[in-house]
Every structure is written in C-alpha cells, then in structure tokens.
Amino acid sequence: MSLNIGDKIPEFKLTDQNGKVFDINSVKGKNSLVIYFYPKNFTPGCTLEACSFRDSYEDFKELGAQVIGISADSKKSHERFAKKYHLLFTLLSDSNGAVKRKFRVKNNLFGLIPGRETFVVNKKGIVIFTFNSMNAERHIKEALKVLKQQED
C-alpha cells in the first residue's frame, strides 16, 4: 500500500536529467507537487503519460504545481527522453528503487511491471491525493482535477 492521504512525503535526493542533484526539500513549502512514478522511458504508455504531462504543463504551472517524474531509468536515459519529447519538467533517476520504496509504490501485473502511481502534494509536503492506474492519461486528468479543487 502506497502513502496515504495525510501522510508527509519522505525526504529524498536524486539525480535529474541534467545530472544535478535534486533535493525534495528545495521545493517543499514553495509549490504544490505532482510526483509521478512510471515504469520506463520510451515505452508506449510512459511516453504517452510524459507527453500528456508536457501538454498540460502550463495548466500545472498556473495552478502552482511542479511536476516531477521518477523512474529507475538512468540520468542519460532521462536526458534523451526529455530531449526527444521536449519535456519541460524534472525527471529523476531512482535506479535502486529507494525512493519508490519510501513512497511504497508497488509493481503491477503480478509484480512484473514497475508501478505507475501519482501523488499530489500540498505546499506543506502532505499527500492530498494518490492515483494508481496503468491508464497513463488518467493520471494527468485526476491530478489537475484535484489541484483545481484546491483553488476553489
């Protein structure tokens, strides 16, 4: 079972697609966060999901949210993925799965495929929404819906 609504997100540091160390504490308290875990760069579902986040990137920014994608792919793979698909948001390399375990993201399809799960986090670092589905496009719609409700 993943983190629950009301849980604080764990602290972590990972390398981004540009080779820089990203510390979650550098953004906590400044923006809402949409942290999504996905199986693998360049696969059809993950490419669709990343491009959908890209296409809605301005909507997330207008709602004061920063998008962060996390997978076990290398920094080099993230760099190629971001460049090929013009991804404007942060991609983090969790090569040993430590952060995935901290968020308690489970594998899907009998444990064969790394999990696809999205967490919406408020400025205080508290999880306000989780969504777990292999349907990549729904993650973007659900996250935007929750962020819009926060504004009302």
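Using label points projected 7 Å from each Cα along Cα→Cβ, tell me how many nm separate V21 and N4, to one decimal.
Each label point lies 7 Å from its Cα, and together they span 3.4 nm.
Considering every pair of different Cα atoms, what Kirkwood radius, in Å, is found for segment 48-117?
Numbers: mean 1/r = 0.0760 Å⁻¹.
Mean inverse Cα-Cα distance, inverted, gives 13.2 Å.
How about segment 44-152: which trypsin sites (Lys or Arg not before Pro) there lie in a loop by DSSP and see at most 11 other Cβ atoms within 10 Å? Before the final figure, lay out each step's value.
Working: sites: R54, K61, K75, K76, R80, K83, K84, K100, R101, K102, R104, K106, R116, K123, K124, R138, K141, K145, K148; in loops: R104, K106, R116, K123, K124.
Within segment 44-152, the qualifying trypsin sites (Lys or Arg not before Pro) (loop, at most 11 other Cβ atoms within 10 Å) are K124.
Would you kindly calculate the translational diffusion coefficient of segment 10-70, applying Stokes-Einstein with the Kirkwood radius from alpha carbon pairs, for 4 °C and a viscosity of 1.567 mPa s, and quote it in µm² s⁻¹ without decimals?
Values: Rh = 12.7 Å.
In µm²/s, the coefficient is 102.
Under 8 Å for C-alpha pairs, at least 6 residues apart: give me the relative contact order for segment 13-151, rounded to a whole percent.
Across segment 13-151, relative contact order equals 31 percent.
Taking every DSSP beta bridge that has both residues in the chain, what percent is antiparallel when rounded to the nearest 5?
About 65 percent, rounded to the nearest 5.
Per DSSP H run of at least 4 residues, take -39500 (n - 2.57); add these up for the chain, divide by its residues and hand me the 222 nm value, nearest 500 deg cm²/dmol.
-9500 deg cm²/dmol
Filter the chymotrypsin sites (Phe, Trp or Tyr not before Pro) in segment 65-150 down to the DSSP loop ones having no more than 12 other Cβ atoms within 10 Å, then list what survives.
F110
Just so you know, all these numbers are worked out from the coordinates, no wet-lab data involved. Just so you know, these numbers come straight off a predicted model, no measurement behind them. Note that we place each Cβ from the backbone using ideal geometry, even for glycine, and neighbour counts take in every protein chain shown.
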